[in-house]
């Protein structure tokens, strides 16, 4: 959503395409339907061990790959492809450096995070959510917000 707000054409590869399209992304694809188009940059936000290498394969020479997803098992990339394509690869674990810009984007209305939130729960429900249970009244969004005041 932030990349789109910055003016880039965004394509999304994923499984929950109904949610993605509901967020206004028309270019939503499965692995089988992804078009053969040039990608200047790829953001891997998945938890699939095979997708970091796919991201590197998809990006154009001298492009950029940003890795923010973490798989449950090790992911590998071919560093020969990374070097020969002259790709810049960045791994980001902490969102803290981007917090001020995120707040500005929310405040300006450039990005609306509300459609991402499926439900808001109290601390007493965090264990169940972390165990993979969706709250009974959850909407289609992929995120669950924790409000300790509940």
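The values are calculated or read from the model by the stated rules, or taken from the named source; none is laboratory data. Since we're looking at a predicted model, the values are computed, not measured. Reconstructed Cβ throughout: ideal geometry from the backbone, glycine too, with neighbour counts over all protein chains shown.
Residue-wise test of (1) modelled with pLDDT of 95 or more; (2) loosely packed, with under 10 Cβ neighbours inside 10 Å.
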{"residue": "25", "(1), (2)": "no, no"}
{"residue": "41", "(1), (2)": "yes, no"}
{"residue": "45", "(1), (2)": "no, no"}
{"residue": "55", "(1), (2)": "yes, no"}
{"residue": "89", "(1), (2)": "yes, no"}
{"residue": "100", "(1), (2)": "no, yes"}
Residue list for the stretch 115-128, restricted to those being out of contact with any strand residue (DSSP E or B) (no Cβ under 9 Å at 6 or more places or on another chain) and either exposed (fewer than 10 other Cβ atoms within 10 Å of the Cβ) or outside any helix (DSSP H, G or I) (or both):
124, 127
Would you mind telling me which numbered condition in (1) surrounded by fewer than 17 Cβ atoms within 10 Å (Cβ to Cβ); (2) assigned to a helix (DSSP H, G or I); (3) modelled with pLDDT of 95 or more residue 18 fails?
(3)
Considering (1) touching a helix residue (DSSP H, G or I) at 6+ places or on another chain (Cβ under 8 Å); (2) free of Cβ contacts under 8 Å to residues at least 40 places away in the same chain, say which one residue 142 fails and leave the rest.
(2)
Taking interchain pairs and intrachain pairs at least six residues apart, which have beta carbon atoms under 7 angstrom, with the first residue in the stretch 95-106 and without any contact (Cβ under 8 Å) to a residue 60 or more places away in the chain and the second part of a helix (DSSP H, G or I) and exposed (fewer than 12 other Cβ atoms within 10 Å of the Cβ)?
none
